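*Asks:* This structure is in structure tokens; I'll ask about it shortly.
Values quoted throughout were computed directly from the atomic coordinates according to the rules given, and no laboratory measurement underlies them. Bear in mind the structure is a predicted one, so any value in this text is a computation, not a measurement. All Cβ positions, even for glycine, are placed from backbone atoms using ideal geometry, and neighbour counts span all protein chains on display.
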């Protein structure tokens, strides 16, 4: 359990995504929404997509289709095809008034949660926790696996790979996420139903660039029992 806890402490994007999923599966949707927002603060695109989907359906929060679009636009920031498809589906269903508000209010969402703000935050945590782990490697084995929710199910990370650079170097870590999320075509963020996205590449973000707020306040979440988090294939 020490290995799992140490890994997730150094990866708040994955940690809070797992906590959001745990609450979501328990039907505690309001708390799930808060945990997904906290993961989103560290640039977790699947969690940003979940925030968008929950806003779209009004699950765990007040329904707001304009904000839902803005969040799904944000989840599509790196060009992940599944989220791009959902974004375009949202856009087609918005009224002219909703579209205008999505573009206007989306700028504040990008300023706080976009990659220009979120990636430096995550990089700081990765580097800090990697330094803290130096000298504490003795005794860890590959017997434990950490399970991370992916687009088609849970992805195992072998305990013996805990210190691989791909999980600690910010650029390699993002490349690892890109490998997982770039191409899968998904019909929903939270389930693995496969749906084809139209072949024409969707347009770039419709939301104008905003100055990143790297020091923006981190969303608050309730205290929770994290024992065993990430050590089960079902979350």
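*Asks:* Using only the alpha carbons, work out the radius of gyration and Dmax of segment 37-94 in angstrom.
*Replies:* Looking at segment 37-94, its Cα Rg and Dmax stand at 10.2, 29 Å.
*Asks:* Return the FRET efficiency for the residue pair residue 57, residue 9: r is the Cβ-Cβ distance, R0 is 22 Å, and the value is rounded to the nearest 0.05.
*Replies:* On the way: r = 32 Å, r/R0 = 1.44.
Efficiency computed from Cβ-Cβ geometry: 0.10.
*Asks:* Rank by packing, highest mean first: peptides 110-122, 206-218, with packing defined as the count of other Cβ atoms within 10 Å averaged across residues.
*Replies:* Most protected by this proxy first, the peptides run 110-122, 206-218.
*Asks:* Work out how much length residue 163 to residue 206 would gain on full extension: take 0.36 nm times their residue separation and subtract the Cα-Cα distance, in nm to one decimal.
*Replies:* That works out to 11.6 nm of additional length.
*Asks:* Place the peptides 147-159, 69-81 in order of packing, highest mean first, counting for every residue the other Cβ atoms within 10 Å and averaging per peptide.
*Replies:* 69-81, 147-159
*Asks:* Let me ask something else about it. When all alpha-carbon pairs of segment 2-181 are counted, what percent fall beyond 30 Å?
*Replies:* 21 percent
*Asks:* In nm, to one decimal, how far is the residue 25 label point from the residue 128 one, both placed 7 Å along Cα→Cβ?
*Replies:* Between residue 25 and residue 128, the simple spin-label model gives 2.9 nm.
*Asks:* Mind listing P(r) for segment 73-173? All alpha-carbon pairs, 5 Å bins, whole percents.
*Replies:* Taking all Cα pairs of segment 73-173, the binned fractions are 2, 10, 13, 17, 17, 12, 10, 8, 5, 3, 2, 0 percent.
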